[in-house]
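Encoded as structure tokens, the structure appears first; notes follow it.
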Amino acid sequence: GWCPLSSAGSWTTQILVEPPWMPAVLWDRVTLTCRGWGTTGATAGATTWYKDGRRWGQQGPDHVTVTKSGTYTCDRPGSGLSPPMRALDAPLVLQVPAQPLVEGDTVTLHCRC
């Protein structure tokens, strides 16, 4: 399922990642979806994506497939900039669920290679 990368109370724009693990790894064929909350009437197709702090591609779809490592953010009209999401092209990575976690939660970790 789709999981936000931080609690909705902290940000009004979220990047959701599929598969729902972070950091994302490129060999998973990662899809990012930008979701904005707060302002009604935001037009579809008005998402702006950024990679490593620079505008990435043209303004357009709210979901993209990641093919290069880097740090991704998105911007939606009315709800602003999302928190960053890292995608790695690493031979070995330790992943945690892409959902808010609090002290005391039982967490399943993925060691991927």
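Here the Karplus curve 6.51 cos²θ - 1.76 cosθ + 1.60, taken at θ = phi - 60°, turns the phi angles of segment 13-22 into couplings of 10, 10, 9, 9, 10, 9, x, x, 9, 9 Hz, with x standing for Gly and Pro. Distances between placed amide hydrogens fall under 5 Å for Met22 paired with Val96, Ala98, all partners being 5 or more residues away or on another chain.
Just to be sure I understand the curve: with the Debye formula and one point per C-alpha of segment 14-112, what is log10 I(q)/I(0) at q = 0.11 Å⁻¹? Debye intensities relative to I(0), on a log10 scale: -0.35.
Readers should treat all values here as calculations from the given coordinates under stated rules, not as data from a laboratory. It should be emphasised that the depicted structure is a prediction, and the values quoted were computed from it without experimental measurement.
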